[in-house]
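Only one structure is covered here, and it is reproduced in the block below.
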Amino acid sequence: MVPLDKLHDACGIFGVYNHPEAANLTYLGLYALQHRGQESAGIVSSDGHTLHAYKGMGLVADIFTEPVLKTLPGNSAIGHVRYSTTGSSQIKNAQPFVVSGGMGHIAIAHNGNLTNAMEIRKELESYGSIFQSTMDTEVIIHLMAISREETFLGRLTDALFRVQGAYSLLLLTENTLVALRDPRGFRPLSIGKLGEATVVASESCAFDLIGARFEREIEPGEIVFIGPEGMASYKPFAPVAQSPCVFEFIYFARPDSIIFGKNVYEVRKELGRQLAREHPREADIVIPVPDSGMPSAIGYAQEAGIPLELGLIRNHYVGRTFIEPKQSIRHFGVKIKLNPVNGILRGKRVVVIDDSIVRATTGRKIIKMIRSGGAREIHFLISSPPTRYPCFYGIDTPTKSELIANSHSMEEIRKYITCDSLGYLSMDGLRKVVRDDTSPFCFACFDGKYPVEFPTRIPEPQMPLFYRL
Ligand code: AMP
């Protein structure tokens with residue numbers, strides 16, 4: 001059996017139905033979702049008779065030139081941006097997948113991770129199924145193909161009843177766009193309107209770019225068919241406890257998006273306010289680690305009444321380097337990306353805010369940089385609890401052993417980072433801010449309580465998964 005490359009995968013998806021410029025809109029939608037994955041991108045369009053696909057490695061704007069977009073005709077389209085690790089860093093694993101067979105042409109784009117894909121794949125291969133890729137998503141197509149149900153909806157639900165884990169999916173046939181979320185609703189997915197057209201996106205920031213109106217989120221466990229007869233919604237799953245990913249709020253989603261019924265920017269700012277209540281510091285300035293710490297730093301500064309300064313300047317023309325598949329990039333990465341503003345830091349007691357600590361390599365470099373900029377005291381405060389457990393539902397995190405908070409005490413981490421004090425937001429503080437008493441979340445990366453089972457033998461990555469400054 002060809003092993004599935006990985007369990008870790010971060011993605012964004014976008015779809016359009018009934019617009020003469022479907023591929024161009026999908027290109028723009030993916031552009032707005034680029035932060036969700038920068039290693040490969042793809043668009044599949046339908047002209048009503050057949051599907052047209054183009055996929056490439058790299059950034060949306062580099063892959064989809066004007067001549068390429070002209071090869072994607074039709075009034076509907078779906079697209080995908082993806083981040084992966086080395087084994088999966090191949091065009092054959094870029095999405096959307098397109099298959100042709102007894103069910104006609106189908107394209108599928110997936111955000112999330114299926115936790116039982118390996119077992120299903122093994123079973124299917126033993127019956128003779130031949131897989132084109134090493135991605136978990138492909139099992140859904142195979143399960144649909146062998147289903148005895150007659151209708152598309154029947155085959156789809158048949159397949160979905162077998163898979164577990166996180167999936168926000170878009171499927172495109174010649175004349176229908178299907179959008180759905182897993183019953184627990186791990187990953188976001190929303191519907192919008194653009195004139196007569198219907199659009200679907202991982203995050204609402206994609207609607208803003210194309211001038212679409214946000215309509216509503218697709219509900220956990222809901223399957224929406226958008227076709228010539230209009231829109232139809234199905235809820236075939238037995239109700240289960242919902243567990244949308246709280247890390248979308250902390251780090252992953254764009255701050256200008258609305259997901260899981262909340263404004264991401266407001267949540268991040270409130271996390272910063274809560275952090276200030278939990279970790280007050282005598283300091284002269286608050287500085288964010290750009291860009292991920294920005295909203296929380298604003299919240300912290302406002303709550304604490306300490307001036308906010310941009311003590312670190314980011315070079316925006318360097319991508320999120322955590323996606324670079326070469327170890328060497330990581331070493332000079334921080335210097336490429338961030339530079340301290342010396343005059344601002346000299347002699348100051350500084351509170352530095354970031355959203356999370358993963359391996360602590362970034363934090364250590366940043367604190368050294370701020371120290372070299374002349375800061376007198378540095379208090380490193382994090383607007384989430386310690387990340388101790390890997391994610392199996394679609395956020396790219398390293399293995400347990402690589403997560404510094406999994407194996408080190410607070411004092412050890414502080415010493416490693418070389419800051420004068422270190423503080424994390426408490427679990428209670430996080431719960432209070434996201435109001436999990438009214439709607440629950442998945443906090444597995446912080447508390448290890450996984451809402452859906454995952455394989456006991458977790459494949460080790462072939463090379464470090466995580467490359468960020
Ligand atoms: P580290 O140096 O490994 O501790 O990285 C911490 C930085 O990575 C923080 O600034 C976060 O904004 C960012 N970060 C947290 N989670 C992820 C993730 N899953 N993928 C990429 N970057 C992340």
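The values are calculated or read from the model by the stated rules, or taken from the named source; none is laboratory data. Just so it is clear, the structure is predicted and the values come from calculations on it, not from any experiment. Cβ placement follows ideal geometry from the backbone for every residue including glycine, while neighbour counts extend to all protein chains displayed. With ligands, DNA and RNA removed, areas are computed over all heavy atoms of the protein, side chains included. Shrake-Rupley method; radii C 1.70, N 1.55, O 1.52, S 1.80 Å.
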#### Entry: Scope region 176-190; condition assigned to a strand (DSSP E or B) and touching a helix residue (DSSP H, G or I) at 6+ places or on another chain (Cβ under 9 Å); matching residues
Val178, Leu180, Ser190
#### Entry: Matching residues in region 73-103 - criterion: being touching a helix residue (DSSP H, G or I) at 6+ places or on another chain (Cβ under 9 Å), more than 17 Å from Leu30 (Cα to Cα), modelled with pLDDT under 95 and not hydrophobic (A, V, I, L, M, F, W, C)
Gly87, Asn93, Gly101, Gly102
### Query
Looking at Val358, is it among the hydrophobic types (A, V, I, L, M, F, W, C), within 14 Å of the ligand (Cβ to nearest atom) and not in a helix (DSSP H, G or I)?
yes
### Message
I'd like the full set of residues that are touching a Pro at 6+ places or on another chain (Cβ under 7 Å) and in a helix (DSSP H, G or I), limited to region 248-266.
### Response
Glu248, Val264, Tyr265
### Summary
Note on region 361-378: residues within 7 Å of the ligand (Cβ to nearest atom) and among the small types (Gly, Ala, Ser) are Gly363
#### Entry: Filter result (over 15 Å from Arg314 (Cβ atoms) and buried (at least 23 other Cβ atoms within 10 Å of the Cβ)) within region 285-294
Val286
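Among the candidates Val224, Val240, which residue alone is surrounded by fewer than 16 Cβ atoms within 10 Å (Cβ to Cβ), among the β-branched types (Val, Ile, Thr), touching a residue at least 24 places away in the same chain (Cβ under 8 Å) and not in a helix (DSSP H, G or I)? Spell out how you get there, then give the answer.
Details: Val224 fails: surrounded by fewer than 16 Cβ atoms within 10 Å (Cβ to Cβ).
Selected residue: Val240, the only one of Val224, Val240 that is surrounded by fewer than 16 Cβ atoms within 10 Å (Cβ to Cβ), among the β-branched types (Val, Ile, Thr), touching a residue at least 24 places away in the same chain (Cβ under 8 Å) and not in a helix (DSSP H, G or I).
The rows are residues; the columns are (1) modelled with pLDDT under 95; (2) open to solvent by less than 40 Å² (accessible area, probe 1.4 Å); (3) not assigned by TED's automatic domain parsing to the domain that holds Arg346.
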site	(1), (2), (3)
Tyr251	no, yes, yes
Asp256	no, no, yes
Ile259	no, yes, yes
Glu278	no, no, no
Glu282	no, no, no
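Residues checked against (1) open to solvent by 10 Å² or more (accessible area, probe 1.4 Å); (2) within 21 Å of Gly394 (Cβ to Cβ):
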residue	(1), (2)
Ser133	no, yes
Ile140	no, yes
Ala145	yes, no
Thr173	yes, no
Arg184	yes, yes
Leu189	no, yes
Ala197	no, no
Asp208	yes, no
Glu217	yes, yes
### Task
Among residues belonging to region 165-209 that are among the β-branched types (Val, Ile, Thr) and within 18 Å of Ala253 (Cβ to Cβ), point out the one that is nearest to the chain's Cα centre (by Cα).
Val200
### Query
Among the residues of region 61-77, is any under 17 Å from the mean Cα position of the chain (by Cα) and surrounded by fewer than 24 Cβ atoms within 10 Å (Cβ to Cβ)?
no
### Those residues of region 394-416 which are within 12 Å of the ligand (Cβ to nearest atom) and either within 16 Å of Ile353 (Cα to Cα) or in contact (Cβ under 8 Å) with a residue 60 or more places away in the chain (or both), in sequence order
Gly394, Ile395, Asp396, Thr397, Pro398, Glu402, Ile413
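Asp158: part of a loop (DSSP other than H, G, I, E, B) and not aliphatic (A, V, I, L, M), yes or no? Please lay out each step first, then the result.
Values: part of a loop (DSSP other than H, G, I, E, B): no; not aliphatic (A, V, I, L, M): yes.
No; evaluated as a whole, the condition is false for this residue.
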### Query
Tell me, which helices (runs of 4 or more DSSP H) wholly within region 17-133 include 2 or more residues that are without any contact (Cβ under 8 Å) to a residue 12 or more places away in the chain?
66-70, 117-126
